[in-house]
Each structure stands twice: as structure tokens, then as C-alpha cells.
Amino acid sequence: MSSSGRTWTVDGIAHALPHSELRATFLREIGFTDVRELPGLLDRWVRFIESFEADRERVEQLRTTLSGAGNLPATYRAGLLDVTTEELRSAAGDKDSRGRGAA
């Protein structure tokens, strides 16, 4: 079920998801999916987590660049995780002129 060799459980998948909204979606899908379709559904979520974790370093580097330079590098190309400038600013804690997050 995993290309990384890691053993996955439903609980392990839920805890590996980076946001509470994703966890809720995952658990809702598990609860309402026909048991014959569960292996495919679980595989899809495991692939998502593995892709997210594999790309985490790139996203963190983009976040750091955005915090320091105020914009994404000219060489930036959207990939697996299509993160907008506004999302990176918000995640970096940048505020607009009114003191609100720049989302």
C-alpha cells in the first residue's frame, strides 16, 4: 500500500494529514465508502501524504524566500503543491497594512 515501505493504518493516515479539514474529509470518505472500494481510497490518501511529505522541503524553502524577499523566485514553477503567493505570505505570518493576514 505504500511506496515508502511505511505501514499505514486508518489512524496513521488521519494523523499524517497536515490540516484538520483534510482529516475530517478523509474520515468522512472512509465512513461513507463501500468496503469494496476502501483499498483504492486508502491508496489515494497514502499517495497524497507521501507526495506532500516529499515536497515539504521545497515548500518551506519557498516560504523562507517569500519571507525574506517579499516575492517568489523568478524560477518558481508550480508543481504538485500549487501554493500561491498569498498562501505563502499567510503561512509566513506576513500582515497587510491593516494588520490582517495577507490571504
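In plain terms, the chain from LEU38 to VAL10 could stretch by 9.0 nm, reckoned as 0.36 nm per residue minus the Cα-Cα distance. Electrostatic tally near LEU27: other residues with Cβ closer than 12 Å to its Cβ, Lys and Arg +1, Asp and Glu -1, net -1. Each residue of the range 6-21 is assigned a 3J(HN,Hα), and the resulting list reads 6, 7, 10, 10, 4, 5, x, 5, 4, 6, 7, 6, x, 9, 4, 5 Hz, derived from the Karplus form 6.51 cos²θ - 1.76 cosθ + 1.60 (θ = phi - 60°), x at Gly and Pro. Around the amide H of LEU72, modelled in the peptide plane, lies no amide H under 5 Å away from a residue 5 or more places distant or on another chain. Projected label points at LEU22 and ARG58, each 7 Å from Cα along the beta carbon direction, are separated by 1.5 nanometres.
Only the coordinates and a few stated rules stand behind these numbers; no lab work does. Note that the structure is a prediction, hence the values are computed from the model and not measured. Cβ coordinates were reconstructed from backbone atoms using ideal geometry, including for glycine residues, and neighbour counts include every protein chain displayed.
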